[in-house]
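Notes follow once the structure below has been shown.
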């Protein structure tokens, strides 16, 4: 990895991020949502952990996943990835530079959102560790799908289902009240639920192992997408 090249890519993509209204707006969406729920908590008991985690899910799906997917799709539109895929060192530099920009924007959006909902105990070491794993999962999803998406216009086709499945998972508790329902049992295996358990103080080794399993799956998606795109070219 060429640090100088990564830094140059970071600077270029950061400027493009700030100029791109769609990308910049994605950072504000969770903040606006957090401000809305922060005003509705009524002052008693604060915002429920389920709502806090849904806001976290929106941050990672709308900022981390969506922005990375969009930035990779832009490279596809410019046809700059074709040659870079033949050089692993070059593609790693590009992904590292873009990931640094996305990580910075994710942190800004997450910190601002959590400040607005005033979630107690959110910044514990256990929760931060879970958030890092969750961030890697969404970042890899964005890279993998971004490698396959041919244009920015088609990214919304992937954003909606990913946001619904992985960004709003705990919302199923408001739709399915029966804890024994199969839909609830399946949803509780999804990554965002593990972060909910960790935030509640109920998290243990099992939750981190499940998150690690999802991270491993996301790396598998990146490798598969990379090989598929390389063979297509």
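Kindly evaluate residue 205 against the criterion of being modelled with pLDDT under 95 and under 16 Å from residue 52 (Cβ atoms).
no
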Revision key, fill the gap. Scanning region 15-29 for residues that are surrounded by fewer than 17 Cβ atoms within 10 Å (Cβ to Cβ), within 17 Å of residue 68 (Cβ to Cβ) and under 18 Å from the mean Cα position of the chain (by Cα) gives 22, 24, 25
Point to revise | Unmet requirement for residue 160, which otherwise passes all of (1) in contact with a helix residue (DSSP H, G or I) (Cβ under 9 Å, 6 or more places away or on another chain); (2) more than 18 Å from residue 203 (Cβ to Cβ) | key: (1)
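Just to be sure, is residue 32 over 18 Å from residue 131 (Cβ atoms), modelled with pLDDT of 90 or more, under 18 Å from the mean Cα position of the chain (by Cα) and in a helix (DSSP H, G or I)?
Answer is yes for this residue.
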Point to revise | In region 108-150, the residues that are within 25 Å of residue 219 (Cβ to Cβ) and not in a helix (DSSP H, G or I) | key: 149, 150
**Study point:** Out of 196, 147, 159, sole residue that is more than 19 Å from residue 63 (Cα to Cα), in contact (Cβ under 8 Å) with a residue 40 or more places away in the chain, buried (at least 18 other Cβ atoms within 10 Å of the Cβ) and under 18 Å from the mean Cα position of the chain (by Cα)
**Key:** 196
Study note, to complete from the structure: Residue pairs within 6 Å by beta carbon, gap of at least six or interchain, first lying in region 209-233 and on the phi > 0 side of the Ramachandran plot, second surrounded by 13 or more Cβ atoms within 10 Å (Cβ to Cβ) and not in a helix (DSSP H, G or I), listed first then second, are none
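Does region 180-218 hold any residues that are in a loop (DSSP other than H, G, I, E, B) and farther than 12 Å from residue 169 by Cβ, and which are they?
Answer for region 180-218, where residues must be in a loop (DSSP other than H, G, I, E, B) and farther than 12 Å from residue 169 by Cβ: 180, 181, 201, 202, 203, 204.
The values are calculated or read from the model by the stated rules, or taken from the named source; none is laboratory data. What you are looking at is a predicted structure, and each value in this text was computed from that prediction instead of being measured. Cβ: placed from backbone, ideal geometry, glycine included. Neighbour counts: every protein chain shown.
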